[in-house]
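The values are calculated or read from the model by the stated rules, or taken from the named source; none is laboratory data. Since the structure is predicted, the reported quantities are computational estimates derived from the model, not experimental observations. Neighbour counts run over all protein chains shown; Cβ positions are idealised from the backbone, glycine included. Side chains are part of the model used for accessible areas, which takes the heavy atoms of the whole protein and leaves out ligands, DNA and RNA. Shrake-Rupley method; radii C 1.70, N 1.55, O 1.52, S 1.80 Å.
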Amino acid sequence: MNFHVLTLFPDMIVNGLNHSIIGRAIDNKILQINTINIRDYADNKHMKVDDYPYGGGAGLVMQARPVCAAYDDLVSTLQKKPRVVYMTPVGYTFTQEMAQEFAKEEELVILCGHYEGIDERALERIVTDYVSIGDYVLTGGELPAMIMIDVIARLLPGVLHNGESAQTESFENDLLEYPQYTRPEVFEGVSVPKVLLSGHHANVDEWRLKQSIERTKKYRPDLYNKYMERRG
Ligand code: 6GU
């Protein structure tokens, strides 16, 4: 899968995703992260791509022209019109389900705004999906883009290796993960729960499910209610 990120800060994206599991997947050519610097499409010698908002107000707005020029240049290299996701608090909240949909695309364009956002006319022309990562304020769309890429990438075949695939079900069954332990058996006087050392798989499963349900009830009553409804 190819991610094409339109941004003013390409280094942030490249450096942020070039590690651990996603870095390995890039090395293995399972996915590719292509960044396009919107500033390269500025048409003035100061390479300025933003200006004051019409109607007044704080901050600067990214201009439509360089954003559209960067997009047009990218699309001219692709076979068909791609989905274009704009990272914005004014969007549908990103979910695991959305990630599964995006993971079906061969090419995915992600547009990152900065400052007070992007001229609406550019968005109307190129954006197919408006996606927020949650109810808080960020300075730009780069971190959200990285989060979205990470979530989508780990769904692609071959990205997770055997030992890493276990967590896949979290959120798919509306329950949060159970607690994990590794060696030593006693750390600062605190023992690993006995059941995990018993070798009795049915009891281990039962304990883990109970832990998952308790944690979901405590931290995510919304998910807990969904889980209880589904179980009937
Ligand atoms: Cl996706 N982008 C920006 N810039 N701010 C956000 C966001 C996205 N989601 C929450 N806040």
Worksheet, complete the sentence: Taking chymotrypsin sites (Phe, Trp or Tyr not before Pro) as exposed when in a DSSP loop with at most 14 other Cβ atoms inside 10 Å, the chain has its longest clean stretch at 55-135
Worksheet item: With every protein chain present, what accessible area does residue 31 have (1.4 Å probe, heavy atoms only), rounded to the nearest 10 Å²?
Response: 10
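Would you count, across the stretch 94-232, every pair of lysines whose alpha carbons are under 29 angstrom apart, provided the pair is eight or more residues apart or spans two chains? Before the final figure, lay out the partial values.
Details: 104/226; 194/210; 194/217; 194/218; 210/218; 210/226; 217/226; 218/226.
Lysine pairs, 8 or more places apart or on different chains, close enough: 8.
Can you tell me the convex hull volume per residue for the chain, based on C-alpha atoms, in Å³ to the nearest whole number?
Details: hull volume 44.0 nm³, N = 232.
Cα convex hull per residue, to the nearest whole number: 190 Å³.
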Worksheet item: Taking the chain as a Gaussian network, where each spring joins two C-alpha atoms under 10 Å apart, which residue of 192, 90, 61 fluctuates the most?
Response: 192
Practice prompt. Could you work out how far the C-alpha centroid of the stretch 120-157 sits from that of the stretch 167-232, in angstrom?
Written response: 31
Worksheet item: Contour minus end-to-end for residue 101 and residue 138, with contour as 0.36 nm per residue of separation and end-to-end as the Cα-Cα distance?
Response: 10.8 nm
Worksheet item: Of 84, 186, 14, which is the most mobile in a GNM of the chain whose springs link Cα atoms less than 10 angstrom apart?
Response: 186
Worksheet entry | Accessible surface of the chain, 1.4 Å probe, proportion on carbon and sulfur as whole % | 52
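Accessible area, 1.4 Å probe, largest first: how do 133, 152 sort? Walk me through the intermediate numbers first.
Details: 133 35, 152 0 Å².
Ranked list, largest accessible area first: 133, 152.
Given a 1.4 angstrom probe, what's the average accessible area per residue across the stretch 1-133, in square angstrom? Working shown, then result.
Working: 7320 Å² over 133 residues.
So the stretch 1-133 comes to 55 Å² accessible per residue, rounded to a whole number.
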Item to complete: Using a 10 angstrom cutoff on alpha carbons, build the Gaussian network for the chain and name the most mobile of 79, 96, 180.
Response: 180
